[in-house]
Amino acid sequence: MFDADVAVAAALVDMCDQPLFPVERAAIANACPSRIAEFRAGRQCAHLALERLGLTATAIAASSARAPCWPAGVVGSISHTDEFAISAVARSQSYAGVGVDVEAAGELDASLVDLICGPVERAGMRMMSPGQARLQAKTIFSIKESVFKCQFPLTGVWLEFTDIEVAIAFDRTSFEAVLLRDAGPLRRGRIVCGRLRETEDYVLSSAWLRDLNMPCCGRRAQQASAA
């Protein structure tokens, strides 16, 4: 999902039983059991990812925006479903931001398609069956989530889904997402690169920003014409 200089850890939620740090426990003091389990799994993955990066596992508090608070010199991201959790971390000297997202496989609710997908993305779905279009929309949703998580700690900007336009490569293993508005130091037209993995159970996406002075990460990926 990332290059080798990004550390990743993933686990099934019901297999994660390591104790949390006190500040992490405080963040879910009033949460229901399922939320506690998902939060614990995400933090356990984050601790392991930090260790894989060569750092000591430390508490990952939650900000007022519920975003993870990473140690100095680290950027990272956490995502989970009710069954699966994943975290990715990198050194801030190499990356301005990283984002990761996991969603349960399946179609996006039809009522959400117009909220998530912009006109260009919807145009690309017109030749698809309704079911294929909703599967494509779920993938686009995951990609936009990973892009949001990548940029938010850097910019503090709450991008709307339609502020990001996604182009998925024909082999469906990578994407490029263009920002349709300014977001802090990221100018309109900035392209965020990422990778994609679709399985029978999950849709996983990753995104990263390396150099803020680069206008884009490479050639724009060609959007798939079919799911």
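The values are calculated or read from the model by the stated rules, or taken from the named source; none is laboratory data. This one's a predicted model, so the numbers in the text were calculated from it and none came from an experiment. FYI the Cβ positions are ideal-geometry reconstructions off the backbone, even for glycines, and counts take in every protein chain you see. Areas reflect the complete protein model, heavy atoms only, side chains present, ligands, DNA and RNA absent. Shrake-Rupley method; radii C 1.70, N 1.55, O 1.52, S 1.80 Å.
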Fill in: Cα-centre dipole for the stretch 1-113 with unit charges at Cβ (Lys and Arg positive, Asp and Glu negative), debye to 20
540 debye
Discussion item. Suppose all protein chains stay in the model; what accessible area per residue would a 1.4 Å probe give for the chain, in Å²?
Written reply: 48 Å²
Practice prompt. Using only alpha carbon pairs under 8 Å that are at least six residues apart, calculate the relative contact order of the stretch 35-132 and give it in whole percent.
Written response: 21 percent
Response to the item:
Out of Gly106, Gly73, Gly97, a Gaussian network model of the chain with alpha-carbon springs under 10 Å gives the largest mean-square fluctuation to Gly73
Item to complete: Based on the mean of other Cβ atoms within 10 Å per residue, sort peptides 156-168, 12-24 so the most packed one is first.
Response: 156-168, 12-24
Response to the item:
For the chain the mean separation of alpha carbon contacts under 8 Å (6+ apart) over residue count, i.e. relative contact order in percent, is 19 percent
Worksheet item: When the chain is fully extended, how far beyond the present Cα-Cα distance does Asn30 get from Val157, taking 0.36 nm per residue of separation?
Response: 42.9 nm
Worksheet item: Separation between the Ala72 and Asp5 pseudo-spin-labels, each 7 Å from Cα along Cα→Cβ, expressed in nm?
Response: 2.2 nm
Worksheet entry | Calculated diffusion of the chain, Stokes-Einstein form, Kirkwood radius summed over Cα pairs, 10 °C and 1.306 mPa s, µm²/s | 89 µm²/s
Discussion item. If the only charges are +1 at each Lys and Arg Cβ and -1 at each Asp and Glu Cβ, what is the size of the charge dipole of the chain around the Cα centre, to the nearest 20 debye?
Written reply: 660 debye
Item to complete: Would you work out which of Leu108, Cys193, Ala61 lies farthest towards the positive end of the dipole of the chain? Charges go on Cβ: Lys and Arg +1, Asp and Glu -1.
Response: Cys193
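Once every DSSP H run of n ≥ 4 in the chain is given -39500 (n - 2.57) and the sum is divided by its residues, what mean residue ellipticity at 222 nm do you get, rounded to the nearest 500 deg cm²/dmol?
-8500 deg cm²/dmol
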Worksheet item: What is the packing order of peptides 81-88, 184-191, taking the mean over residues of other C-beta atoms within 10 Å and listing the highest first?
Response: 81-88, 184-191
Worksheet, complete the sentence: For Ser63 and Leu212, extending 7 Å from Cα along the Cα-Cβ vector and measuring point to point gives, in nm, a value of 1.3 nm
